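Student: Okay, handing you the structure first.
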Amino acid sequence: MLMAKAQPAPRQQRILRAVVHEYIRTAQPVSSDTLVRRYRLGVSSATVRNDLAALEDLGLLTHPHTSAGRIPTQHGYRYFIGSLMGDSRLGQSEQMMVRHQFHQVHLDTAEWSRLAASVLARLSTGAALVTEPHQQRVRIRHLETVPVQGQRALLVVVFEGGVVRQQLLELPSPEVSTDLRSLSARLAEHASGKDAEALHGLAVMETGHARAILEAAGRLLDEQDDARALAVYVDGVMNLLRQPEFSTSEPLREVLTILEDRTQLARLLPAKLGEGEVSVAIGDELPLEELRDFSLVLGRYGSELRSSGFMGVVGPTRMDYARSIGAVRYVTTLMSELMRAVDA
């Protein structure tokens, strides 16, 4: 386990960087002889072996049981990304090519999403996913509670954008129709323009029927927020099939199942991720056990005040992080620019 105060020495950092680059390139455990031969470290194989052992003690490297070579651990990749990776920007020629492709597409966000998935898959050599833009938080336009029979009432919620949801409620006790309509009118006034968080806040300040109605409306908002990744465009799955880690199709089948399941996919999307920021989750950092052999690089595009979506790259834990991060960061920035131009 990597200790908070334990840091590799400068030469060990160079060796760790070399191991990561070599393992990304070959998918084979990296030996001291390979490092000396390919990376001009200026030291003997014996010295490199000592440094590899030290890096393993720090939890940054490990070695398969059948090999004397080392491979990075999850902590090793994380240290590489944070301290050793360096510049992850795409080259100017690639940026110009990507920008040109987007400007050839009509003003259609669905077409932009499909193109973004295709571009990310090509740039990263991983599988790309892009969600269509959506409102950050669904808000209530109107709610109404209609008495049905006895303690039952029908809750009707209209979201901004026109989506209507209905739910049959079992109220704490029977309510006179006129009283329920009066209560419904009061709650509708207070709830108008509120998102789920604000509505739950109102509910705790109420009691009885008012609390039951607001809590139910809040749950409907929560469900609508959770389903925000409506359409997901996936490209580049064949890139993963070419990786030796996934010589069988079972891991990829599980990944595709997750990407097609809105509930599962919502668990992968960071709750707080600002425009221009990139989130990297490696192996066990992902919330789903089926993805322990994968890494996910995600970015958000669009506007926090209007609508936004996510895009990212899925690949093996030995993915080319600099390449993937640079691609995601550039394409999200470009998509945000295009959306702002349309909204202006």
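Student: Inspect region 80-87 for any residue being in contact (Cβ under 8 Å) with a residue 40 or more places away in the chain, under 30 Å from G276 (Cβ atoms), of a type in the set (G, A, S) and not in a helix (DSSP H, G or I) and give the result as yes or no.
Tutor: Our first condition is that a residue be in contact (Cβ under 8 Å) with a residue 40 or more places away in the chain; within region 80-87, this holds for 80-81, 83-87.
Checking the rest, the ones that are also under 30 Å from G276 (Cβ atoms) come to 80-81, 83-87.
Checking the rest, the ones that are also of a type in the set (G, A, S) come to 83, 86.
Pick out the ones that are also not in a helix (DSSP H, G or I) and you get 86.
Yes, region 80-87 contains a residue that is in contact (Cβ under 8 Å) with a residue 40 or more places away in the chain, under 30 Å from G276 (Cβ atoms), of a type in the set (G, A, S) and not in a helix (DSSP H, G or I).
Student: Then there's this: For Q101, state whether it is surrounded by fewer than 17 Cβ atoms within 10 Å (Cβ to Cβ), in contact with a helix residue (DSSP H, G or I) (Cβ under 8 Å, 6 or more places away or on another chain) and at pLDDT 90 or above.
Tutor: Considered against the rule, which asks whether it is surrounded by fewer than 17 Cβ atoms within 10 Å (Cβ to Cβ), in contact with a helix residue (DSSP H, G or I) (Cβ under 8 Å, 6 or more places away or on another chain) and at pLDDT 90 or above, Q101 comes out as yes.
Student: Follow-up. What are the pairs, 6+ residues apart or on separate chains, where a residue within region 108-119 that is more than 11 Å from M335 (Cα to Cα) and in a helix (DSSP H, G or I) has its Cβ under 7 Å from a residue that is at pLDDT below 95 and not hydrophobic (A, V, I, L, M, F, W, C)?
Tutor: A110/E132; R114/Y233; A117/Y233; A117/D235; S118/D235; V119/Q101
Student: Go through region 200-237 and count every residue that is in a loop (DSSP other than H, G, I, E, B) and modelled with pLDDT of 80 or more.
Tutor: 5
Student: I'd like to verify a number: residues in region 54-73 that are more than 33 Å from the chain's Cα centre (by Cα) and modelled with pLDDT of 95 or more, how many?
Tutor: Selection size over region 54-73: 1.
The values are calculated or read from the model by the stated rules, or taken from the named source; none is laboratory data. Small disclaimer: the values here were computed from a predicted structure and weren't measured. Glycine gets a Cβ as well: all are built from the backbone with ideal geometry, and neighbour counts include every protein chain shown.
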